[in-house]
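The values are calculated or read from the model by the stated rules, or taken from the named source; none is laboratory data. Predicted, not measured: the structure shown is a model, and the values here were computed from it. Neighbour counts run over all protein chains shown; Cβ positions are idealised from the backbone, glycine included. Each accessible area value is taken on the protein alone, full model and side chains, heavy atoms only, with ligands, DNA and RNA left out. Shrake-Rupley method; radii C 1.70, N 1.55, O 1.52, S 1.80 Å.
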Amino acid sequence: MNPGTQVSIVRCEDYSQAKEAVREAIDLVGGLGTIIFPGARVLLKPNLLAATPPEKAVTTHPAIVSAMCELVLEAGGIPIVGDGAGITHPGVTDEALDISGIREAAQTAGAEVLSFETSGYEVVDVPDPSHFSQLYIAKPVVDADVVISLPKLKTHELTIFTGSVKNMFGAVPLKIRKEAHLLGKVDLFSEAVVDIHSARPPHLALMDGVVGMEGNGPSKGTPVNIGMVMASFDCVSLDVIASKVIGLDPMEVPTNKAAIQRGYGTLDPEVLGVPIDDVSMKFKMSATTHIQKVPPFLLSRLGKLFIIKPFINTSKCTLCGTCVLNCSPHAIEQKDGQLKINHNKCILCYCCRELCPSNAVEMKRSLFAKILLKIKNRV
């Protein structure tokens, strides 16, 4: 058995026990000293899907994030907490960091906190790709000496289950997320998720399974007490065991299947600590998998109609160049004395809008986007 694919399970009945449980889970698989050296910059990537309070169980609990920050500091590392939330509007990641309690918890524990919306992206080659030979990955993830994934144990309306592999989806900008969804089939989407994971595989995964989510996850499900945390140096192996914990055949989870077929992880990891049978429970699954039922050609056409693009209001623009300096794909060009966005290059990261000191970057929504957003706001 490859020690790197071992998975630990440790009881944690309450978040007040988080630090002790997280420490034990990581120590069981080898300890932070095997991956962190003095002065190492350690990027902690929680699940920051949406701007919701921790009791909703949508995001990684702040106590888990705080515990990891403190343990990284004890190991001699420099903790940095960062993610990119589901982009419903520019600035939503900062809102999510505040409302989830993650920003306060991380900063209190001594960590730097970043939003991937404004930290920039770098092009990374994908090994043995299925769909993306190159990807824009958040610069803090690329620059970190060590990457630790902090997923939440949840069901998922599209991929059935979401764990440490799917957690890296937040490391890419909106345009790539949309392109992955527009592939139209869950198996193809899951292969794209594995592309993203493999572009910068985390060195460690620590899963928040104290309170998970069943039903219509990842955001509309029901919180459920599981009372444990899990750790592994291999994200796929951890997801395999987590799938079993909630009553799933791991190969029925499309992201697991895509990753295993790509050569990641193992279907039979060694479990350390608490046996699976002592914590396993049958989760309710999502009642809706609408996107899987839509024909790919129709999904592709409808998805392309949902457009929210930034544009530069030249009457407000002072030509300060802040947007140009912070545009990772170099999509902002100067023509005839004005700055314009080349939408063939734009990756919809909205850094230009977030960082413009003159508020000159505005959003243009298609009619289809306006209708959908209006409907969503009424729900």
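Figures for the structure shown
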quantity: Inter-part distance where the range 325-351 and the range 216-260 are each reduced to a Cα centre, Å; calculated: 39 Å
quantity: Probe 1.4 Å, accessible area per residue of the range 1-151, Å²; calculated: 37 Å²
quantity: Over 25 Å between alpha carbons, listed pairs K257/K282; K19/K139; K19/K45; K56/K282; K45/K154; K152/K284; calculated: K19/K139
quantity: Ranked by how many other beta carbons lie within 10 Å on average, peptides 116-122, 139-145 from highest; calculated: 116-122, 139-145
quantity: Length-normalised contact order for the chain - Cα pairs under 8 Å, 6+ apart - percent; calculated: 19 percent
quantity: Residue of G33, G170, G217 that the Gaussian network model of the chain assigns the largest fluctuation, springs spanning Cα pairs under 10 Å; calculated: G33
quantity: Principal axis box of the chain, alpha-carbon based, largest edge first, Å; calculated: 66, 48, 41
quantity: Helix 296-305 vs. the chain, principal-axis angle (Cα, 0 to 90°, nearest 10); calculated: 50 degrees
quantity: Qualifying aspartates and glutamates (Cα of each under 17 Å from Cα of K345; at least 8 residues distant if same chain); calculated: E117, E122, E179, E333
quantity: Counted charge near V42, where neighbours are those whose Cβ lies closer than 13 Å (Asp, Glu -1; Lys, Arg +1); calculated: -3
quantity: On Cα atoms only, tilt of 367-378 relative to the major axis of the chain in degrees; calculated: 50 degrees
quantity: Largest to smallest principal axis extent of the C-alpha atoms in the range 71-118, angstrom; calculated: 37, 17, 12
quantity: Under the Debye formula (equal points on every Cα, no solvent term), log10 I(q)/I(0) of the range 7-111 at q = 0.09, 0.10, 0.12, 0.21 Å⁻¹; calculated: -0.23, -0.28, -0.41, -1.10
quantity: Per-peptide average of other Cβ atoms within 10 Å, ordering 206-213, 46-53, 278-285 highest first; calculated: 206-213, 46-53, 278-285
quantity: Förster radius 22 Å - calculated FRET efficiency between K309 and D336, Cβ distance, rounded to 0.05; calculated: 0.60
quantity: Sorted peptide list for 150-160, 251-261, criterion being average Cβ within 10 angstrom, highest first; calculated: 150-160, 251-261
quantity: Sulfur and carbon atoms: percent of accessible area, the range 3-146 [1.4 Å]; calculated: 50 percent
quantity: Candidates I36, I241, I148: whichever shows maximal mean-square fluctuation once the chain is modelled as a Gaussian network with Cα springs under 10 Å; calculated: I36
